[in-house]
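Have a look at the structure below before the remarks.
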Amino acid sequence: MSRVLVGVKRVIDYAVKVRVKPDHSGVVTDGVKHSMNPFCEIAVEEAVKLKEKKLFKEVVAVSCGPAQATETIRTALAMGCDRGIHVEVTGKDYESLGPLQVSKIFAALAKKEEASLVILGKQAIDDDCNQTGQMTAALLDWPQGTFASEVEIEGDKVKVVREIDGGLETIKINMPAVVTADLRLNTPRYATLPNIMKAKKKKIANMKPADLGVDIVSRLEVLRVDEPPTRLAGVKVETVDDLVAKLKESGTI
Amino acid sequence: MCLGISSHQFSEHVGTHWRAGLERVIPAFRSVCGEDGVSLSEAVREQHGRDESVHRCCPPDVVVWPRSVEEVSALAKICHHHCLPIIPFGTGTGLEGGVGAVEGGVCFSLRNMDRVLDVHQEDFDVTVEPGVTRKALNSYLRDTGLWFPVDPGADASLCGMAATSASGTNAVRYGTMRENVLNLEVVLADGTIIHTAGRGRRTRKTSAGYNLTNLFVGSEGTLGLITKTTLRLYGVPEAMVSAVCTFPSVQAAVDSTVQVLQAGVPIARIEFLDDVMIDACNRFNSLSYPVAPTLFLEFHGSEKSLEEQVTVTEEITRDNSGSDFNWARDAETRGRLWKARHDAWYAALALRPGCKAYSTDVCVPLSHLPQIIVETKEDLVLNRLTGPIAGHVGDGNFHCIMVMDPNDQDEVTRVQEFTERLARRALALDGTCTGEHGVGLGKRALLREEMGPMAIEVMQGLKATLDPKNLMNPGKVL
């Protein structure tokens, strides 16, 4: 019961106005501010809190991607993770990297690191897939507590309060388990300068998916990316009768 | 001082009355900032003619959205040629009517210039455009370990905060905009672009030439349009502790404040709420603070230093008959402790539903604070006014939240007169009529009293030099 694995993803910062590339093959990422996926921040915060409560001995932050992914790992280290693992994926492989491949990587690492708990953000704000946590649990044949708004360790079990459409669902699952963090789980701490300095000394191991025996060939091909249709201007009318006429005209009523 | 809330007039700015020359310049504006960058619609103009103050809406004749400093300069040149007033607009969160286009003119809405440029982590500085707000910047900086601490409450434009020399609850530790602006890029009324400390310069100190940067800080758009500001950043505090303490008298609370500062405690926030305000907060939030002068404190630092800070402060409050000293370390409990202070404005408004609130803003040397607060409270009671008090007691700055019925002309007049008496009371105690909100529309006469005729003449000379046609935000400050 000693180790927590946390996945962190480097995404375009939530405050950036995303633009589609002129060739519609994707979105513009060059020169655009990137940061840690907000749900991953919440996952890191939860893992660090659990360690601070002395329920776990070590928190390992993992990210898959090109060299810049180490920046995201460093932020996780500054928030309190003990060490990092950078799984290097570059170029076209990175462009086609998706939840299935990432969950294979996390599953392999969870076994290799003998993790008791894997905590991920519920989804990434770039693809909004909401699949990696669930797939990771399935590949490992571990129980999962997704959309967590509360996590409590009770012996060798985890009590998770899940946010679902109808309200809140409380489940108790055996460890080892996968948990995905939802918005209200916690408020992530800001990285402070002294912690950023300390983080520079923490270790980040480097490896490739092949080292874990994982094949990252994608089964998906992105055909085209488009912006949402531009919102048309509204039409003003003078009277209620005009309004009714217009609604009838457009077939709405 | 003019509150002007008894009538809601648009007078000569509505409909098809055009200021001479305006119809000629609209195509010129469009050629600078695009078809979408110019608006004559009534709704848009109204939106840009008001801020968070009680001053009535004075919509401009046209609103333009430049996208770069070059466009700002080109637009200013056009306005200068046609003698059209120029009103800079950031977020419209000011409290003194600073964006009201009292002589009509062109509102330059700068919100589309919203880039954070050049974060220099090791140098603790950043440069931002006018569309960047305080919260947006701090969010942008969140993984650098740095933040910009000046916090006036609203999520204001940082360039706007520079223009009004804004302050906030943690000025006692981190200073106001005056201490934290290193450089400005400014467009003057004739389109000239200047860098007040030289282009790109961002040293922590300088002795080079006249301090143009601080001339423009606080000029409230009357000397030029601020298109970039270079700000001093600070390290995010490692940890925070919040505390609350009750006192038997205003004097005891202020004495404690003075002693805490003298003891060298680097206190981050020290806020005062009077008994009327505490009572309002109790009612509003169903809390049960003792109804008495109360201090809300916040400490920033490392775990060890926090322990020391809190211990020293608690002792001081006890020596001044303070009681019910409660403190908290975790974010949630801190939030609950400070809830009264955070909701003060709304709690005051809730005392009399349907009313409006106006905040006074005087500031005096700390040693005079007990006297002015006591005299002010007597004035409030004597004149049957609702004015709970919240103050940045570490700076000697306090606000009476005047809750009044805008339709009761008698009350409005009494509030007006009270506010003028309060300002004069502060001036008589070596103070200022505005600690952080600015002069804007309503305090120009008080500014003259505060500065004296000679200093005002110098200010007018500077204004005449930089803006001889008086196009920059006319009717404000001077």
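We did not get these values from a lab; they are worked out from the coordinates using the rules stated. Everything numeric in this text was worked out from a predicted model, so none of it was measured. As a convention, Cβ positions derive from the backbone with ideal geometry for all residues, glycine included, and neighbour counts pool all protein chains shown.
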Report the normalised scattering of chain B as log10 I(q)/I(0) at q = 0.05, 0.06, 0.09, 0.12 Å⁻¹, calculated by the Debye formula with identical scatterers on the alpha carbons.
-0.19, -0.27, -0.63, -1.10
Per 5 Å bin, what is the whole-percent P(r) computed from every C-alpha pair distance within segment A:3-249?
1, 6, 12, 17, 17, 14, 11, 7, 4, 3, 2, 2, 2, 1, 0
Would you calculate, for chain A, the mean residue ellipticity at 222 nm contributed by helices, counting each DSSP H stretch of 4 or more residues as -39,500 (n - 2.57) and dividing by all residues, to the nearest 500?
-8500 deg cm²/dmol
Of the listed links A:LYS112/A:LYS172; A:LYS54/A:LYS172; A:LYS53/A:LYS200; A:LYS53/B:LYS135, those spanning more than 28 angstrom between alpha carbons are A:LYS53/B:LYS135
Report the GluC sites (Glu not before Pro) located in segment A:152-246 that are in a DSSP loop and have at most 15 other Cβ atoms inside 10 Å of their Cβ, or state none.
A:GLU221, A:GLU238
With only Lys, Arg, Asp and Glu charged, each at its Cβ (+1 for the first two, -1 for the last two), find how big the charge dipole of the protein assembly as shown is about the Cα centre; round to the nearest 20 debye.
1500 debye
Residues whose built amide H sits under 5 Å from the amide H of A:ARG162, excluding neighbours closer than 5 in sequence, are A:SER149, A:GLU169, A:THR170, A:ILE171
For A:ARG83, distant residues with modelled amide H under 5 Å away
A:VAL59, A:ALA61
Please give me, ordered by residue number, the chymotrypsin sites (Phe, Trp or Tyr not before Pro) of segment B:146-216 that lie in loop per DSSP and have at most 11 other Cβ atoms within 10 Å.
B:TYR210
Charge dipole (debye, nearest 20) of segment A:3-249; +1 at Cβ of Lys and Arg, -1 at Cβ of Asp and Glu:
1080 debye
Extent of the protein assembly as shown along each principal axis, from alpha carbon coordinates, in Å, largest to smallest?
81, 70, 65
Under a Gaussian network model of chain A whose springs join Cα atoms within less than 10 Å, the largest fluctuation of A:ILE173, A:ILE73, A:ILE164 belongs to A:ILE164
Please get the size of the charge dipole for segment B:310-351, origin at its Cα centre, with Cβ charges of +1 on Lys and Arg and -1 on Asp and Glu, quoted in debye to the nearest 20.
180 debye
Hey, what do the phi angles of segment B:317-327 turn into as Karplus ³J(HN,Hα) couplings, whole Hz, using 6.51/-1.76/1.60 and θ = phi - 60°, x for Gly and Pro?
5, 5, 4, 9, 6, x, 9, 6, 6, 10, 9
Go through segment A:58-126 and name the GluC sites (Glu not before Pro) that are in a DSSP coil and have 12 or fewer other Cβ atoms within 10 Å of their Cβ.
A:GLU114
Rounded to whole Hz and in sequence order, give me ³J(HN,Hα) for segment B:66-83 from the Karplus expression 6.51 cos²θ - 1.76 cosθ + 1.60, θ = phi - 60°, writing x for Gly and Pro.
x, 10, 7, 5, 5, 5, 4, 5, 4, 5, 4, 4, 5, 4, 5, 5, 9, 6
Around A:LEU139 (Cβ within 14 Å, Cβ-to-Cβ, excluding A:LEU139; K/R +1, D/E -1) the net charge comes to +1
Distribution of pairwise C-alpha distances over segment B:80-211, 5 Å bins, in %
2, 9, 17, 22, 22, 15, 8, 4, 1, 0
Averaging the inverse of every distinct alpha carbon separation and then flipping it gives the Kirkwood radius. What is it for segment B:297-360, in angstrom units?
14.3 Å
